[in-house]
Amino acid sequence: MDFSLGAADLAFQQEVRDFLKAEFPPELAAKSAAEIRFKKEDYDSWQNILARKGWIAPAWPVEHGGCGWSPVQQNIFDEETFAIGAPRVLPFGIRLVGPVVYTYGSKAQKARFLPGIVSNETYWCQGFSEPGAGSDLASVKTTAVRDGDNFVVNGQKTWTSYAHYADWIFCLVRTDPGVKKQLGISFLLIDMKTLGISVRPIRTLDGDHFVNEVFLDNVIVPAENLVGEENKGWGYAKFLLGNERTGIAGVGMTKADLVRLRHIARTEKRNGRPLIEDPLFQARLARLEIDLRALELTNLRMLAEGAQGAFPSILKIRGSQLQQRSVELQMDALGPYALPWQADAMEPAWNGEPVGPDYAKARAPAYFDRRKTTIYGGSTEVQKNIIAKTMFGF
Amino acid sequence: MDFGYSEEQRMLSDSVVRLFAGKETDVWAACCQMGLAGALVPEEFDGMGGLGIDGMVAALEIGRNLAVIPFLSTAAVGMQAVNLTGSKAQKAKWLPQIAEGHLQVSIAFEEPGARYDLDHLETQAVGDGDGYILNGRKSVVLGGDLADLIIVAARLDNGVKLFALDAGAAGITRTDYALTDGRGAADIALHDVRLQGDALLGDGAAVMAAVYDLGAAMIAAEALGALEKIIAMTAEYLKTRHQFGQPISNFQVLQHQMADMAVAFEHMKSLVFEACDLAMSKDAVSRAQAVSAAKILIAEEGRQICQHAIQMHGGIGVTDEYDLGRFVKRVTVAEFAFGDADHHIARYGKHLADTADD
Ligand SMILES: Cc1cc2nc3c(=O)[nH]c(=O)nc-3n(C[C@H](O)[C@H](O)[C@H](O)COP(=O)(O)OP(=O)(O)OC[C@H]3O[C@@H](n4cnc5c(N)ncnc54)[C@H](O)[C@@H]3O)c2cc1C
């Protein structure tokens, strides 16, 4: 065993740092430092830079326009990009639908959809969940009925993140209502500009808008947009969810959160001393750092071993908890200035004067926002069911 | 021992419940009409002469109903600051006005960087003829956005004094804002604020702790009311939400989570009751220990109840379109106002270290 980075990885790390130094836009750095919310143009500007460099799809095979990086390289890249405050790359094309298309899609679909993802021209969203199908995703009710060369799609999707940015949506739809629910689902790619699609925003506890309801009313979708075989969609969905869960560990992001946390704890005072020297606070901070250290190594170890079985669930459970605990402790570090609600001050258009220290405004919104991490991508409870079943055969 | 309400407390509770169930447009005016503003004001100054439990009766309903009214800032802590330090004349001037609901009062004790430490006081008063001149800064003053009268703690010579400031006085700059739960507050800057001699209330140090403890107990009671709703809402949701062809309340892991919430809730309820019972006590040590104990459970276990309630709601739990979040935000404010968990744990622990075993 060897837990240190080898010479090749160190060289790679340096290459990433040099690239970021040269290419990461100062406007984005400033926004990130000031904790102004990224908007579509910000994601766009960063993802375009990555696309031009050929670094937008770290895990994809080179033949499809990806980097083909090792797990260690991906981890290095993640850590370095979050450390400088880069927007995360929206996962829907790169991490979710892309691998499904190159694994299960037809030749024509690969040629049609993959280039748009790696060039950052096409934005995707994930149309899985419905009002009645959350944890029980296989009970999706949105129907797709064959009509000649088309499907006619009717139903409602919900919690659809960034549907308002998206050019395309990948959907789980019911194509056979007469069989066991998992056996009647298909995986369909739908152009968001098609007649009959409407999007309604949902506001979350942090005051932000990124999730939506998507209504599909007699939407006509060419049959060539069906991925793989009809009624085999559940298998592709499970493949996708496994990838989603590992990605959700969020090691790089939590590391960046802890850097911010330490900064706050050094600046805030308790009894006239820096908060970071307060034994109560210090103990909680140390415990969090230790858990993150364990997650990082476990993430790398599991990816090296092939991320199979219950591994994605294990990473998802702990990773999401740490994403919550880090922002929770950031909020706790504020003391009384955790109280003012200043979510508006995170909007680019806002031009008021925030109260309290400059890092105060984003803390309570971040705390509420992160509650989502143990719910989406398969809730913690559902992951535990999966672990119990796959590891212990219960 | 007696864990029930008295006849008067039962009646007070019933009428507050009725009031919030009604469709009053001006809730605070209606509260004042039924005497809530004067619930804790001594009878000789036109109040009801209530004590901590009476305040709690109101605070519980305020929390259950998410009422945004200045009960805590004006009728509890503001009133108590005047009551504990004012001269007979000062009390006669302000307390009846509070009781009638004509005067909103806020306490401005805390300062930037003080982090709940009331001894950390940089606001300075100096004598100026018959009066005083004040300079300093105050942070997160609850109800400070609407207060008519602000009770400011400041150093004068070698002591700590409380002063009553007309909120409109020259030299006062307020930055108003809303807290996470929607109630108003302000940061206040005092720049050469000139006061008449009769603005001096009296000695601050001991009184500040007493007033602060009352605030902590009352906001803990508000949070208790909100938590009770959160638990009830979540139980109801689990029974109605179906996944996998059954109500999700069938899943044992969720049943146990609800059970854990109930265990935590019952224990914090006992401590909040005790804290409110002692909240206006003159026995500073018992009061402080009881209040800190309750506040710790609200801040730590109350937070956990909120987090689990959101979790068990799934996606709907993180939307602004559903009431759960409003109750949760109410509890979150209670976690941080009048001392957070670490502040109270440290205070409680310090007392243990400082007292001899018997
Ligand atoms: C911010 C956010 C963004 C999202 N983005 C997307 C998106 O882009 N695309 C998309 O398709 N979906 C998205 N989702 C949806 C997400 O995947 C679902 O919210 C999630 O699957 C949970 O479903 P639900 O919300 O219906 O909760 P429910 O399934 O109703 O769950 C409620 C509670 O019951 C528990 N529970 C359910 N079943 C069991 C069981 N068998 N055993 C024990 N406990 C159980 C759950 O763990 C949870 O605590 C998003 C959700 C959020 C909050």
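Derivation of every value follows stated rules applied to the coordinates shown; laboratory data play no part. Small disclaimer: the values here were computed from a predicted structure and weren't measured. Positions of Cβ are backbone-derived with ideal geometry, glycine not excepted, and every protein chain shown enters the neighbour counts.
Placing unit charges on the Cβ atoms of the charged side chains and taking the dipole of the protein assembly as shown about its Cα centre, the candidate lying farthest along the positive direction among A:Ala237, B:Ile62, A:Gln330 is A:Ala237.
Each label was represented as a point 7 Å from its Cα along the Cα-to-Cβ direction; for A:Glu27 and A:Asp167 these points are 2.1 nm apart.
Reported value for the protein assembly as shown: 190 Å³ per residue, from the convex hull of its C-alpha atoms. Between the alpha-carbon centres of the stretch A:89-130 and the stretch B:128-178 there is a gap of 60 Å. Measuring nothing but how far apart in sequence close Cα pairs (under 8 Å, 6+ apart) lie, relative to its length, chain B scores a relative contact order of 16 percent.
Between the helical axis of B:205-240 and the longest alpha-carbon principal axis of chain B there is an angle of about 20 degrees. When the inverse distances between all different Cα atoms of the stretch A:142-224 are averaged and flipped, the Kirkwood radius reads 13.4 angstrom. Taking the Cα centre of the stretch B:206-355 as origin and assigning +1 to Lys and Arg Cβ atoms and -1 to Asp and Glu Cβ atoms, the resulting dipole is close to 100 debye. Seen against the Cα atoms of chain B and their longest principal axis, helix B:52-64 is set at about 50 degrees. Ordering A:Gly68, A:Val16, A:Ala33 by Cα displacement along the dipole of the stretch A:7-89 toward the positive end leaves A:Ala33 in first place; charges were set at the Cβ atoms of Lys, Arg (+1) and Asp, Glu (-1).
Taking the DSSP beta bridges with both ends in chain B, the antiparallel portion is around 85 percent. Computed over the alpha-carbon atoms, chain A gives an Rg to Rh ratio of 0.97, Rh here being the Kirkwood radius from the mean inverse distance. Figure legend: label point modelled 7 angstrom from the Cα of A:His209 along Cα→Cβ; residues of the stretch A:331-371 with amide N under 17 Å from it are A:343-350.
Its Cα centre serving as origin, the protein assembly as shown has a Cβ charge dipole (Lys and Arg +1, Asp and Glu -1) of approximately 2380 debye.
The stretch A:1-41 and the stretch B:276-340 have Cα centres spaced 39 Å apart.
Given R₀ = 56 Å, what would the calculated FRET efficiency be for A:Thr267 paired with B:Lys23, taking r from the Cβ atoms and rounding to 0.05? For R0 = 56 Å, the calculated efficiency reads 0.75. Working out 0.36 nm times the residue gap between B:Glu7 and B:Ala30, then minus their Cα-Cα distance, what length gain in nm do you get to one decimal? Computed gain between B:Glu7 and B:Ala30 is 6.1 nm.
For B:Ala178, project a label point 7 Å along Cα to C-beta. Then give me every residue of the stretch A:316-353 with its amide nitrogen under 14 Å of that point. Residues A:340-345 fall inside that zone. Spin-label model, B:Leu352 to A:Glu347: label points 7 Å out along the Cα-to-beta-carbon direction sit 4.7 nm apart. In this simple spin-label approximation, B:Gln255 and A:Asn218 carry label points 7 Å from Cα along the Cα→Cβ vector, and these lie 4.8 nm apart. Which trypsin sites (Lys or Arg not before Pro) in the stretch B:211-283 pass both tests, a DSSP loop state and at most 14 other beta-carbon atoms within 10 Å? Counting only loop positions with at most 14 other Cβ atoms within 10 Å, the trypsin sites (Lys or Arg not before Pro) in the stretch B:211-283 are B:Lys282. Based on the Cβ-Cβ distance of B:Glu43 and B:Ser87, what FRET efficiency does E = 1/(1 + (r/R0)^6) give at R0 = 22 Å, to the nearest 0.05? After rounding to 0.05, the efficiency reads 0.75. Contact order, relative form, for chain A: 14 percent (alpha carbon pairs under 8 Å, 6 or more residues apart, mean separation divided by residue count). Can you list the trypsin sites (Lys or Arg not before Pro) in the stretch B:1-49 that are in a DSSP coil and have 11 or fewer other beta carbons within 10 angstrom? Within the stretch B:1-49, the qualifying trypsin sites (Lys or Arg not before Pro) (loop, at most 11 other Cβ atoms within 10 Å) are B:Lys23. Between B:Met79, B:Met34, B:Met218, the residue with the greatest mean-square fluctuation in the GNM of chain B (Cα pairs under 10 Å linked by springs) is B:Met34. Cross-link list B:Lys91/B:Lys350; B:Lys239/B:Lys269; A:Lys40/A:Lys232; A:Lys269/B:Lys282; A:Lys107/A:Lys389; B:Lys229/B:Lys350: which exceed 28 angstrom alpha carbon to alpha carbon? Beyond 28 Å between Cα atoms: B:Lys91/B:Lys350; A:Lys40/A:Lys232; A:Lys269/B:Lys282; A:Lys107/A:Lys389; B:Lys229/B:Lys350. Helix B:284-297 and the longest principal axis of the Cα set of chain B meet at an angle near 40°. For chain B, the longest piece that avoids every one of the GluC sites (Glu not before Pro) found in DSSP loops with at most 14 other C-beta atoms within 10 Å covers B:123-320. Computed over all pairs of different Cα atoms, the Kirkwood value for the hydrodynamic radius of the stretch A:13-57 is 11.2 Å. Taking Cα centre as origin and charging only the Cβ of basic (Lys, Arg, +1) and acidic (Asp, Glu, -1) residues, the dipole magnitude of chain A rounds to 840 debye. Can you figure out the FRET efficiency of A:Ala283 with A:Ser45, using R₀ = 56 Å and their beta-carbon distance, to the nearest 0.05? After rounding to 0.05, the efficiency reads 0.85. Here the stretch B:189-235 and the stretch A:325-380 have alpha carbon centers that stand 24 Å from each other.
Amide H contacts of A:Cys125: A:Trp168, A:Ile169, A:Phe170, each under 5 Å away and 5 or more positions distant or on a separate chain (H built 1.01 Å from N in the peptide plane; Pro and chain starts excluded).
Remark: relative contact order (the stretch B:7-100) = 33 percent; criterion is Cα-Cα distance under 8 angstrom and separation of 6 or more residues.
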